[in-house]
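Accompanying notes for the structure given below.
The values are calculated or read from the model by the stated rules, or taken from the named source; none is laboratory data. Keep in mind the model is a prediction, meaning the values are calculated, not measured. Positions of Cβ are backbone-derived with ideal geometry, glycine not excepted, and every protein chain shown enters the neighbour counts. Heads up: the accessible areas ignore ligands, DNA and RNA and are worked out on the full protein's heavy atoms, side chains in. Shrake-Rupley method; radii C 1.70, N 1.55, O 1.52, S 1.80 Å.
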Amino acid sequence: EMYRKATKKWSAAYDSILIEYYGVIDLRMNTTDQNEIQNLRRKSDSISKEMDSIAILKHNEIINIMASQPITENWINRLAEIAGLASGYANRDSYPKENFKQLQNLYNKLNDEQKQNRKGELIYRYIFPDVIIKKGDKMASAELFDPEGNHHQIAEEYKGKYLLLDFWSIGCRPCIEAFPEMKEIYDEKKDRLTIISITTDTEDNWKEGLDKYQLPWVNLTDHLGMEGYTSYYGVHGIPFYVLISPEGMVKDMWSGYGKGSLKKRLNDI
């Protein structure tokens, strides 16, 4: 209630703009006129920047309150949430550096046990941006699982070809709309490109999606949603794609999907 009251004015403004943003996205997804698509993309980018500005003001209020509150499980969860959003802004160089310093100060209030558990490690990756993987870095290694529950060491097991990591969810419409194009790419390039779709869903929703969409490539999960393998790449919106060289180095990273965009990105493979 304390946090809600402190951020009420910013939340109302954000929600109003968010409705406008999704309206523009819907228009963009339902038109084939390229000039109109470009106009709508510019409009959605402008609205997105306005949303970022409001969200940062809201974060300031919350961070200031947290600095004077005792550390509880909910406090840590709130820090992880804001840190995750901050990391997303950092990838666009639009999140104030002073805010990062304040988040780092909050992180430093955690004891060693809290810093070393899964949530603490997640917060660390988020607010110390140098640990987020970027273009030119080596891909993250981790153990993930296929639908049958078999273990896979992702950085070791799929060497030798290009890798396209596809972070997705059954509730993400652009993720689903990308699948037909991905299937064409898979058929055309499977001798030199391995596609690995990594879900952010629960196991039941993931398997429901696999059954419904029949994805012929590699499908994995770490059962940690947005707090797991996705966080190594600073993923905060899906679909999110990471292109990795046969040597295991990140060649490109991007978010979002538009018809033909994947073929254009992967044209040289």
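Can you confirm whether I244 is at pLDDT 90 or above, among the β-branched types (V, I, T) and open to solvent by 40 Å² or more (accessible area, probe 1.4 Å)? No, not satisfied.
Tell me the residue from R173, R192 that is within 27 Å of L27 (Cα to Cα) and basic (K, R), please.
Values: R192 fails: within 27 Å of L27 (Cα to Cα).
Going through R173, R192 in turn, the sole match is R173.
Hey, does region 173-182 have a residue that's free of Cβ contacts under 8 Å to residues at least 40 places away in the same chain and over 17 Å from the mean Cα position of the chain (by Cα)?
yes
Selection of region 204-246 for residues being of a type in the set (D, E, K, R) and part of a helix (DSSP H, G or I) yields D204, K207, E208, D211, K212, E227. Considering region 46-70 alone, what residues qualify as being small (G, A, S) and either outside any helix (DSSP H, G or I) or under 18 Å from Q104 (Cα atoms) (or both)? Of everything in region 46-70, those that are small (G, A, S) and either outside any helix (DSSP H, G or I) or under 18 Å from Q104 (Cα atoms) (or both) turn out to be A67, S68. When only residues in region 148-173 that are open to solvent by less than 60 Å² (accessible area, probe 1.4 Å) and assigned to a helix (DSSP H, G or I) count, which is modelled with the lowest pLDDT? The residue in question is A155.
Considering only region 48-55, I want to know if a residue exists there that is aliphatic (A, V, I, L, M) and without any contact (Cβ under 8 Å) to a residue 40 or more places away in the chain. Within region 48-55 (the criterion being aliphatic (A, V, I, L, M) and without any contact (Cβ under 8 Å) to a residue 40 or more places away in the chain), the answer is yes, since at least one residue qualifies.
Restricting region 192-211 to residues that are charged (D, E, K, R) and in contact (Cβ under 8 Å) with a residue 24 or more places away in the chain leaves a set whose member that is surrounded by the fewest Cβ atoms within 10 Å (Cβ to Cβ) is R192. Summed over region 1-49, residues that are under 19 Å from G84 (Cα atoms) and among the charged types (D, E, K, R) total 1. Sub-7 Å Cβ pairs linking a first residue in region 237-251 that is in contact (Cβ under 8 Å) with a residue 60 or more places away in the chain and closer than 10 Å to L163 by Cβ to a second residue that is of a type in the set (S, T, N, Q) and outside any strand (DSSP E or B), at least 6 apart or interchain, are K251/S245, ordered by first then second residue. Within region 1-32, the residues that satisfy the criterion of being under 16 Å from G258 (Cβ atoms) and either of a type in the set (S, T, Y) or open to solvent by 80 Å² or more (accessible area, probe 1.4 Å) (or both) are L27, N30, T31, T32.
Give the residues of region 33-69 that are open to solvent by less than 80 Å² (accessible area, probe 1.4 Å), small (G, A, S) and closer than 23 Å to R4 by Cα, sorted by residue number. S48, S53, A55, A67 - these are the residues of region 33-69 that are open to solvent by less than 80 Å² (accessible area, probe 1.4 Å), small (G, A, S) and closer than 23 Å to R4 by Cα. K251 meets all of the listed conditions (1) assigned to a strand (DSSP E or B); (2) more than 26 Å from A80 (Cβ to Cβ); (3) touching a helix residue (DSSP H, G or I) at 6+ places or on another chain (Cβ under 8 Å) but one, namely (3).
Y89: part of a helix (DSSP H, G or I), at pLDDT below 90, among the aromatic types (F, W, Y) and open to solvent by 60 Å² or more (accessible area, probe 1.4 Å), yes or no?
Values: part of a helix (DSSP H, G or I): yes; at pLDDT below 90: yes; among the aromatic types (F, W, Y): yes; open to solvent by 60 Å² or more (accessible area, probe 1.4 Å): no.
It is false that Y89 is part of a helix (DSSP H, G or I), at pLDDT below 90, among the aromatic types (F, W, Y) and open to solvent by 60 Å² or more (accessible area, probe 1.4 Å).
If you go through region 98-128 and keep only what is under 18 Å from Y233 (Cβ atoms) and either open to solvent by less than 40 Å² (accessible area, probe 1.4 Å) or free of Cβ contacts under 8 Å to residues at least 24 places away in the same chain (or both), you end up with E121, L122, I123, Y124, R125, Y126, I127.
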